[in-house]
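Let me begin by presenting the structure, written as structure tokens, before commenting on it.
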Amino acid sequence: MVRAVGLLSGGLDSILAAKLLQEQGVEVIGLAFKSPFFGVKRAKEAARRLRIPLRVVDITDELLPLVREPKHGRGSAMNPCIDCHALMIRKAGEVMREEGAQFVFTGEVLGQRPFSQTKKALEVVERASGLQGLVLRPLSAKRLPPTVAERQGWVQRDKLLGIHGRGRKVQLELAKRYGIEDPPSPASGCLLTDPTYSRRLKDLLDHLDHPSRRDLELLKIGRHLRLSPQTKVIVGRREGENRKIQEMVSAADLLLEVQGYPGPLALIPGGGREVDWPKAAAICLRYSDAPKDRPGKVRCHGRWEGVIETFPMAPEECERFLL
Ligand code: SF4
């Protein structure tokens, strides 16, 4: 039996690509990647719909150097899509061999994304992944050179598609034909394409050579204010974020909490510079219910136990530090 490993993002395109191959009798194994920048929730749901097994591979350690220094440039934010795709396809090749599969496929559509889904980008990805000829894109196959799977007759090229561009018409019609109710939206959900997350990530990479997973997770919560190269303050915006901060705090951090009034928790990962602590306390007061015309008290825990008394920081000054 012909067996293929498919990159499953969880979006409609990857589901349709799998369906097109299943229709030709190919046994499909799903593959999803996880990292602090994206998860596998939608891929799991897609695998359930398709009734296929799903392999999940964590690529954080290999992806992070590419985020820091992409060989093939970035998309609109910190997303190094071409390098990221090449990494994913290379990993898919490893899984292909482990699973005794013959080829890899993706739900990519030529011309759908201006940076990473041009003909040239797909070629670059394939070359960089070392899997030349073994990557089938069933939704756009007819617009691309025949792959090994087509040349060997494992799949019939004339039953594949030649979709191009950003339109969704063909995909939605196909979803209807396959009885896919409530077709999922195109999957991205990648934080590397999010401008706010990307700004914070860039700041983190500029100030830390080896960020931990916790550092990357912390970028997802609260307001982030950079006070100095050594000191960053993360301020919870609501109850849930304060809880998360509390769960993620370590003994080396400085945790700040306004006394006597409802307010946020503020965290300085790694404790930062002592000279910045009063400023961090002033920021904590700024976002609390404490009166703004007189000094308030902020209790510190972790790296230093004590109380700082200071005026709340003026909103315009806070703005200057916001990432
Ligand atoms: S959007 Fe994110 S997950 Fe997708 S290829 Fe680009 S960097 Fe990788």
Unmet criterion (only one of (1) under 20 Å from Ser185 (Cβ atoms); (2) more than 12 Å from the ligand (Cβ to nearest atom); (3) among the hydrophobic types (A, V, I, L, M, F, W, C)) for Ala141: (1)
Segment 67-81, residues that are more than 8 Å from the ligand (Cβ to nearest atom) and over 12 Å from the mean Cα position of the chain (by Cα): Arg68, Glu69, Pro70, Lys71, His72, Gly73, Arg74, Ser76
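Take the residues in segment 110-134 that are more than 14 Å from the ligand (Cβ to nearest atom) and not in a loop (DSSP other than H, G, I, E, B); name whichever of them is farthest from Pro186 (Cα to Cα). Break it down into steps so the answer makes sense when it comes.
First, the residues of segment 110-134 that are more than 14 Å from the ligand (Cβ to nearest atom): 110-111, 119-120, 123, 126-127, 130-134.
Pick out the ones that are also not in a loop (DSSP other than H, G, I, E, B) and you get 110, 119-120, 123, 126-127.
Working: Leu110: 14, Lys119: 20, Lys120: 22, Glu123: 22, Glu126: 22, Arg127: 26 Å.
Of everything passing the filter in segment 110-134, Arg127 is farthest from Pro186 (Cα to Cα).
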Residue among Arg238, Arg168, Arg226, Arg214 that alone is more than 16 Å from the ligand (Cβ to nearest atom), at pLDDT below 95, of a type in the set (Lys, Arg) and under 30 Å from Asp83 (Cα atoms): Arg168
Selection within segment 13-29 - within 16 Å of the ligand (Cβ to nearest atom) and over 18 Å from the mean Cα position of the chain (by Cα): Asp13, Ala17
Helices (runs of 4 or more DSSP H) lying entirely in segment 6-72 (those with 2 or more residues that are buried (at least 23 other Cβ atoms within 10 Å of the Cβ), assigned by TED's automatic domain parsing to the domain that holds Ile89 and of a type outside the set (S, T, N, Q)): 12-23, 41-50
When residues of segment 88-109 are limited to those that are within 20 Å of Asp13 (Cα to Cα) and of a type in the set (A, V, I, L, M, F, W, C), the one farthest from the ligand (Cβ to nearest atom): Phe103
Flag for Val2 being of a type in the set (Val, Ile, Thr) and crowded, with 20+ Cβ neighbours inside 10 Å: no
The one condition in (1) aliphatic (A, V, I, L, M); (2) under 23 Å from Leu161 (Cα atoms); (3) not in a strand (DSSP E or B) that Val104 fails to fulfil: (3)
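The values are calculated or read from the model by the stated rules, or taken from the named source; none is laboratory data. Computed from a predicted model, the values in this text were never measured in an experiment. Glycine also receives a Cβ, built like all others from the backbone with ideal geometry; neighbour counts cover every protein chain displayed.
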